[in-house]
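A short worksheet on the structure shown next.
Every number here is computed from the coordinates shown, using simple stated rules; none is lab data. The shown structure was predicted, so the numbers you read here are calculated from the model rather than taken from an experiment. Reconstructed Cβ throughout: ideal geometry from the backbone, glycine too, with neighbour counts over all protein chains shown.
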Amino acid sequence: MDRTFVMVKPDGVQRGLAGEIISRFEAKGLKLVGAKLELLPEERVVEQYREHLEKPFFPGLKAYIMSGPCFLMVWEGKGAVAVVRRMVGATNPAEAAPGSIRGDFALDIGRNVIHASDSPESAVRELGIHFEAEDLVGYSRIDEPVLYE
Ligand code: PCG
């Protein structure tokens with residue numbers, strides 16, 4: 001099964017959206033296999049966003065991500081990376097479809113509530129930055145026999 005890394009950013013945690021976001025992924029049928037609330041250290045923020053290091057918005061992005069606790073999760077399920085990206089919506093909330101998390105709960109690209117890995121390769125890299133293998137819990141959800149063909 002595919003796994004993806006998802007992070008509710010400080011604005012999402014502060015606005016009390018973590019529960020709503022978890023509920024959406026749970027209702028979809030995805031399985032939560034890892035979760036923690038954390039103030040991220042600078043090294044992990046830099047590693048997480050290394051492709052944006054030279055971008056003009058990077059200092060603001062780093063300050064935003066470190067401004068309060070993030071809620072970090074690993075979700076598992078068929079096609080989890082692409083499914084979660086669609087549920088999260090476009091990076092710029094102004095362009096995110098209604099019904100997506102950013103489409104429903106955000107307005108500004110600099111405060112877009114949530115991060116989700118954009119490919120299976122980034123998912124492996126990003127969950128490896130934030131979670132140890134022993135932090136992830138393998139188990140069966142009772143509805144799996146009716147969720148999958
Ligand atoms: P995310 O976490 O999905 O991936 C990279 C993040 O960089 C993105 O969400 C935004 O939070 C941030 N980002 C990307 N482009 C811009 C931009 O043009 N301006 C600002 N302020 N942030 C951006």
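Computed from label points 7 Å out along Cα-Cβ, the spacing between Glu134 and Phe58 is 3.4 nm. The ellipsoid that matches the Cα gyration tensor of the chain has semi-axes, each √(5λ) in whole angstrom, of 24, 18, 14, with the longest given first. The packing ranking, built from the mean of other Cβ atoms within 10 Å per residue, places the peptides 46-58, 72-84 in the order 72-84, 46-58, highest first. So if R0 is 30 Å, what FRET efficiency would Leu37 and Ala82 give, r being the distance between their Cβ atoms, rounded to the nearest 0.05? Computed FRET efficiency for Leu37 and Ala82 comes out at 0.70. Rounded to the nearest whole angstrom, the semi-axes of the ellipsoid equivalent to the range 49-133, taken from the Cα gyration tensor as √(5λ), stand at 20, 19, 12, largest first.
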